[in-house]
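The values are calculated or read from the model by the stated rules, or taken from the named source; none is laboratory data. None of these values were measured; they are calculated from a predicted model. Cβ placement follows ideal geometry from the backbone for every residue including glycine, while neighbour counts extend to all protein chains displayed.
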């Protein structure tokens, strides 16, 4: 695991983060399904740390906003259509999480059995991007959630040791955390990158 | 910083959304190495710039120069590939896998923990 230059995090007194799903008109996924998927994705991180996440319907009240967009969407990082770049999120405490609406997102069912050969598992990408929202950079451990790439028709949602060590070093451990799934054992030595940036692209 | 810095120049006339993996053409570069000149290398340089492996340039050329070779070596190191500096098949196949838009290297600092890779090489 690794952190962004300057190791930006949410303030230590802010352990209860609120998120809002703010832009969904570009995709045809039912909102209730989206709510379920994102709640589950946030839950995977809160299970390992002292952080908790609550959905709010009010974007102005939210620390984190989630939206689906096509192409250029105002942040200087345009999406590129089917595949290529799937999503991006901003480091703490920006809170923006954007997904490419052009992808064939699979929010329900078994993505490995999807009809489309460009199907992408929404929860897998969500778990990864939430890692960025919390302050984790990319990992070179292939089993880690924070590995930068994910193949189509693939589901990868369980935090690996590498992810858990990284997030717990930032926010502490959830006393009820029971450890990672046996198949998610990627691990590495801690490494904190120095640097002057507090926010990043 | 990742701030709002651009807005579509055509707010009422959006360009069509591409319907194929934009990085598939990188397969045409398979086997390419230092000193060669091949169409498509400029696009690969744009890709490597997008994810932090190459600094920005006004115009990327189709020449496989030493900067590109160094960038590919860093990429191969980060992704646990054989560090050849060449566009071997394994590297090209990794390049076209869908990915997060967050750069792997920011201001010259890798956000990818490379100790694992270094250890494995040793």
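Go through (1) outside any loop (DSSP other than H, G, I, E, B); (2) touching a helix residue (DSSP H, G or I) at 6+ places or on another chain (Cβ under 9 Å); (3) surrounded by fewer than 18 Cβ atoms within 10 Å (Cβ to Cβ) for residue B:46 and report which single condition fails.
(2)
So residue B:79 clears everything in (1) within 23 Å of residue A:4 (Cβ to Cβ); (2) touching a helix residue (DSSP H, G or I) at 6+ places or on another chain (Cβ under 6 Å); (3) away from chain A (no Cβ under 11 Å); (4) modelled with pLDDT of 95 or more except one condition, right? Which one?
With respect to (1) within 23 Å of residue A:4 (Cβ to Cβ); (2) touching a helix residue (DSSP H, G or I) at 6+ places or on another chain (Cβ under 6 Å); (3) away from chain A (no Cβ under 11 Å); (4) modelled with pLDDT of 95 or more, residue B:79 is out only on (3).
Please indicate, with yes or no, whether at least one residue in the range A:172-188 is within 8 Å of another protein chain (Cβ to nearest Cβ) and closer than 23 Å to residue A:27 by Cα.
No, the range A:172-188 contains no residue that is within 8 Å of another protein chain (Cβ to nearest Cβ) and closer than 23 Å to residue A:27 by Cα.
Within the range A:43-83, count every residue that is on the phi < 0 side of the Ramachandran plot and within 14 Å of chain B (Cβ to nearest Cβ).
13
Does residue A:2 fit the bill of being crowded, with 19+ Cβ neighbours inside 10 Å and at pLDDT 95 or above?
No; evaluated as a whole, the condition is false for this residue.
Looking at (1) in contact with a helix residue (DSSP H, G or I) (Cβ under 6 Å, 6 or more places away or on another chain); (2) away from chain A (no Cβ under 13 Å); (3) closer than 30 Å to residue A:116 by Cα, which is the one condition that is false for residue B:54?
(3)
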